[in-house]
Structure formats: C-alpha cells, structure tokens
Amino acid sequence: MFAVFRQHTVIDSPYGPLTLVATEGVLSGLYMVEQRHRPPAETFGEPDPRPFGETTRQLSAYFDGELTDFELPMRLDGTPFQLRVWEELRKIPYGETRSYGELAVTLGKPGASRAVGLANGKNPIGIIVPCHRVIGSTGSLTGYGGGLDRKQRLLRFEGATADVPAAATLF
C-alpha cells in the first residue's frame with residue numbers, strides 16, 4: 001500500500017470558506033464549513049494553494065455570475081453507484097433542478113430515490129458537482145449537506161427559484 005499525496009487550501013466565497021482538496025494534484029474535494037460528511041481536516045494534506053489556480057479562477061467566475069458550467073479535471077472516489085449519481089448531477093443545467101426520483105429514473109433505477117439521496121449527500125465536490133440542484137419530489141429543499149440555507153441561496157443565485165415552490169422557502 002502506498003501513501004496518497006494530498007494538498008488543500010481554503011478560499012473565501014459568498015457561502016463561507018471553502019476547503020479545496022487535491023489528491024495527486026487533481027481536485028478531489030470541495031467542502032463547506034459544518035458540512036455533513038466533511039472528512040476530518042487531518043485527511044486534507046498539506047496546505048498549498050498551487051494545485052488550485054484554475055479551480056479558484058472558475059469558482060470566482062461562477063460566483064461573479066460569469067460561469068455556468070465548470071470544466072475541471074476531478075478525481076471522484078466513490079462506489080460505482082455514487083459515481084453514476086455524481087455524473088448525472090453534472091448534467092443538470094445551471095438554473096434548473098431535478099428531484100431525487102427523476103435522477104433515479106434517469107439511472108434506470110426508479111425505486112432508488114433514497115439511494116440517490118444518500119449518494120448525493122456524499123458528493124465530495126460540492127457546487128462544482130451541483131448536488132444543490134436536487135430537490136424533493138414536492139419541491140422541498142431536502143438533503144443538502146452544506147445546509148438548507150446555502151442550498152436555497154445557491155438555487156436563488158442560479159435563478160432556479162421558479163422550480164422551487166414558495167412553500168419551500170426558508171426565509
């Protein structure tokens with residue numbers, strides 16, 4: 001068994017500090033403060049901003065409203081099912097939402113909405129792999145590891161509020 005080389009940096013965002021993690025020089029994590037399923041900080045590796053120049057540039061452009069689709073190399077480590085779910089998340093267009101059930105149908109597993117939700121919650125690269133674009137079948141803002149307030153703010157930012165019923169509003 002060999003050691004995996006990881007590096008990390010913390011950047012500011014409108015949604016609070018974001019911890020970026022690279023494994024072998026490739027983006028493998030984007031974590032928010034108090035995020036559910038956030039790995040322990042000691043697993044993030046050495047502090048070093050060098051591997052994150054393009055990621056930081058694209059995130060800045062996204063937060064400035066100039067970028068709607070990320071094009072970054074990523075290393076997503078998960079089960080085969082999780083990887084399929086995360087790939088489908090990347091296909092949800094900016095400003096749109098899908099339900100857990102819709103994703104389950106797309107994956108050919110119409111009864112697996114709960115499993116889709118669990119995989120969605122373990123997404124290691126939030127925002128870039130847009131798990132915030134997944135909502136409950138009734139339009140409810142459920143199951144966001146970064147917190148429901150952040151989920152709503154991200155959806156509003158992207159203009160997806162037309163897809164979210166007023167009853168789902170948190171503020």
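Only the coordinates and a few stated rules stand behind these numbers; no lab work does. A quick note: this is a predicted structure, and the numbers were derived from the prediction, not measured. A quick note on method: Cβ atoms are made from the backbone with ideal geometry, for glycine too, and the neighbour counts reach across all protein chains shown.
Any idea what angle helix 53-63 forms with the longest principal axis of the chain, computed on alpha-carbon atoms, 0 to 90 degrees, nearest 10?
On a 0 to 90 degree scale, this one is about 30.
Based only on other Cβ atoms within 10 Å, what is the fewest-to-most ordering of 13, 99?
Placing the least packed residue first, the sequence is 13, 99.
Of the listed peptides 148-155, 116-123, 62-69, what is their order by residue-averaged count of other C-beta atoms within 10 Å, with the highest listed first?
116-123, 148-155, 62-69
Checking the a/c ratio against 1.5 first, then a/b against b/c, what shape does the Cα gyration tensor give for segment 12-72?
Verdict is oblate for segment 12-72.
Neighbouring Cβ atoms within 10 Å as the yardstick, rank 27, 103, 83, 76 fewest first.
Numbers: 27 22, 103 25, 83 13, 76 17.
Sorted ascending by nearby Cβ count, the order is 83, 76, 27, 103.
Let's see if you can work this out: charge +1 on each Lys and Arg Cβ, -1 on each Asp and Glu Cβ, no other charges. What is the dipole magnitude of the chain about its Cα centre, in debye to the nearest 20?
Dipole about the Cα centre, nearest 20: 540 debye.
Which of 44, 52, 157 moves most in a GNM of the chain, Cα contacts under 10 Å?
Taking springs between Cα atoms under 10 Å, the residue moving most is 157.
What is the distance in Å between the Cα centroid of segment 82-117 and that of segment 25-74?
First find each Cα centre; the distance between them is then 22 Å.
Working from Cα positions, state the angle (0 to 90°, nearest 10) between the long axis of helix 80-89 and the longest principal axis of the chain.
Between helix and principal axis, roughly 70 degrees.
Give the lysines reachable from residue 151 as a straight Cα distance under 17 Å; neighbours fewer than 8 places away on the same chain don't count.
122
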